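Report on the structure given below.
The values are calculated or read from the model by the stated rules, or taken from the named source; none is laboratory data. What you are looking at is a predicted structure, and each value in this text was computed from that prediction instead of being measured. Cβ placement follows ideal geometry from the backbone for every residue including glycine, while neighbour counts extend to all protein chains displayed.
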């Protein structure tokens, strides 16, 4: 009899534990009904080659060049901390160029040194890699330019160059830029519901950000001159990379909707004194 009661208690406890877990997941994720999914791009490596992966931090050389690369990695991933004098909010380079600049289809930095100089549609001229870095500081990070020949600029360039070093035993890097989405019109009302269900847990109910996740609007976010302020660009980033723990779960239309909602929220104005960037 005691054994039967004990078994019943054990069974009830197990069922209660499962129910609480499922309930917590449902509440925590606030699941919305979704349909079509864009596939994540992960092509196989050519025969005889390993899949591309970023170089190990342990491979950074000693000496002044290595010190510069290490500083660049810190600035890239924790910009408000390591380049505080040049940042006006709480956005890091890594927030828009995910994975320390290595995540495919998240505006990666791998291979970028060889791509410059390139024509910029926004600037209506050819720009250098340094120009592009300055754009991030005065727009996405709502700050002010780095000294073009200063320690911070040299460090960021050295870090990006180090990421882009040839790796002959690996497959070529794939996934530059952002995913190509159809040209859609976002519905901000529906986007608000998606934001509440899928984004607010990491970025805050009022878009204020929750460390280490950045603010998406408000005084500490990117300004209205940033690329992410454009709905199509944000939608392409969001569809492939967000939510960070469930990448690719949003449809293109849902990505446009949530980006349209974020676009309606207040943010700092771009300082036109830096319009040449």
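Is at least one residue of the stretch 194-214 assigned to a loop (DSSP other than H, G, I, E, B) and under 21 Å from residue 252 (Cα atoms)?
Start the filter on the stretch 194-214 by keeping residues that are assigned to a loop (DSSP other than H, G, I, E, B), which leaves 204-209, 211-212, 214.
Next cut, under 21 Å from residue 252 (Cα atoms) only: none.
No, because not a single residue in the stretch 194-214 is assigned to a loop (DSSP other than H, G, I, E, B) and under 21 Å from residue 252 (Cα atoms).
In summary, residue 187 fulfils each of the numbered conditions (1) assigned by TED's automatic domain parsing to the domain that holds residue 89; (2) touching a helix residue (DSSP H, G or I) at 6+ places or on another chain (Cβ under 7 Å) with the single exception of condition (1). Residue count for the stretch 240-258 satisfying the condition of being assigned to a helix (DSSP H, G or I) and either buried (at least 22 other Cβ atoms within 10 Å of the Cβ) or outside the structural domain of residue 206 (by TED's automatic domain parsing) (or both): 7.
Go through the stretch 84-121 and report how many residues are in a loop (DSSP other than H, G, I, E, B), touching a residue at least 40 places away in the same chain (Cβ under 8 Å) and touching a helix residue (DSSP H, G or I) at 6+ places or on another chain (Cβ under 8 Å). Please lay out each step first, then the result.
Of the residues in the stretch 84-121, the ones in a loop (DSSP other than H, G, I, E, B) are 87-92, 97, 102-105, 107-111, 116-117, 121.
Imposing the further condition that a residue be touching a residue at least 40 places away in the same chain (Cβ under 8 Å) reduces the set to 87-92, 102-105, 107-111.
Filter again for touching a helix residue (DSSP H, G or I) at 6+ places or on another chain (Cβ under 8 Å), leaving 87, 89-92, 102-103, 105, 107-110.
The qualifying residues number 12.
Quick one: in the stretch 60-69, of everything that is assigned to a helix (DSSP H, G or I) and in contact (Cβ under 8 Å) with a residue 12 or more places away in the chain, which residue is nearest to the chain's Cα centre (by Cα)? The residue in question is 69.
The residues in the stretch 83-99 that are under 23 Å from residue 128 (Cβ atoms) and surrounded by fewer than 19 Cβ atoms within 10 Å (Cβ to Cβ) can be counted, and the count is 1.
Among the listed residues 222, 261, 237, identify the single one that is under 26 Å from residue 277 (Cβ atoms) and in a helix (DSSP H, G or I). Reasoning before the result, please.
Values: 222 fails: in a helix (DSSP H, G or I); 261 fails: under 26 Å from residue 277 (Cβ atoms).
On inspection, the qualifying residue turns out to be 237.
For the stretch 128-153, a residue qualifies if it is more than 18 Å from the chain's Cα centre (by Cα) and either surrounded by fewer than 20 Cβ atoms within 10 Å (Cβ to Cβ) or outside the structural domain of residue 72 (by TED's automatic domain parsing) (or both), and the qualifying residues are 128, 130, 131, 144, 145, 147, 148, 149, 150, 151. Among the residues making up the stretch 122-165, a single one is within 27 Å of residue 220 (Cβ to Cβ), without any contact (Cβ under 8 Å) to a residue 24 or more places away in the chain and out of contact with any helix residue (DSSP H, G or I) (no Cβ under 9 Å at 6 or more places or on another chain): 150.
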